[in-house]
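Take a look at the structure below.
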Amino acid sequence: VQLQASGEGLVQAGEFLKLSCVASRSLLPVAAMAWCRQAPGKQRELVARWPSGGSTIYAGPVKGRFTISGDDAKSAVYLQMNSLKSEDTAVYYCNIYTHSRGYWGQGTQVTVSS
């Protein structure tokens, strides 16, 4: 199974981007979906997590600006990023978890210029 992410780009601070990630085949039933990111010289960190049937979790720096959503039927996860800041510059990775294992996307670059 491969997770194909799209939506990478170079934008200015204050602008928006939407990332999408779709699995190459159905991963039903989905247990959770998430986005993580890794900035240059930093460790990978959780951005947002959407547990199927539960409450979403957002990292403090993105709360109120980013929105994660998922489509179980399509085995897809999305990340709407508004009011982007230079500190949001990173490689973003999507994750989809079944009850037996997790899957990672290949990473997509988001660059925000100030």
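Couple of notes before you dig in:
- Residues in the stretch 16-55 that are of a type in the set (Ser, Thr, Tyr) and under 24 Å from Gln109 (Cβ atoms): Ser20, Ser24.
- Total residues in the stretch 77-103 satisfying the condition of being more than 12 Å from Val30 (Cβ to Cβ) and of a type in the set (S, T, N, Q): the figure is 5.
- The set of residues in the stretch 22-37 that are touching a strand residue (DSSP E or B) at 6+ places or on another chain (Cβ under 8 Å), open to solvent by 50 Å² or more (accessible area, probe 1.4 Å) and of a type in the set (A, V, I, L, M) contains only Val22.
- Whichever residue in the stretch 96-114 is polar (S, T, N, Q) and either surrounded by fewer than 12 Cβ atoms within 10 Å (Cβ to Cβ) or more than 11 Å from the chain's Cα centre (by Cα) (or both) and, among such residues, is farthest from Leu3 (Cα to Cα): Ser114
- Single match in Pro51, Pro40 (criterion: of a type outside the set (Phe, Trp, Tyr) and open to solvent by 80 Å² or more (accessible area, probe 1.4 Å)): Pro40
- Filtered residue count, the stretch 58-95, keeping only those that are over 21 Å from Glu15 (Cβ atoms), under 12 Å from the mean Cα position of the chain (by Cα) and open to solvent by 40 Å² or more (accessible area, probe 1.4 Å): 0
- Tally of residues being modelled with pLDDT under 95 and closer than 26 Å to Lys85 by Cα across the stretch 8-40: 3
- Scanning the stretch 10-21 for residues being over 11 Å from the mean Cα position of the chain (by Cα) and open to solvent by 20 Å² or more (accessible area, probe 1.4 Å) gives a total of 7.
The values are calculated or read from the model by the stated rules, or taken from the named source; none is laboratory data. Note that the structure is a prediction, hence the values are computed from the model and not measured. Counting neighbours? That spans all protein chains shown, and the Cβs are built from the backbone with ideal geometry, glycine included. Heads up: the accessible areas ignore ligands, DNA and RNA and are worked out on the full protein's heavy atoms, side chains in. Shrake-Rupley method; radii C 1.70, N 1.55, O 1.52, S 1.80 Å.
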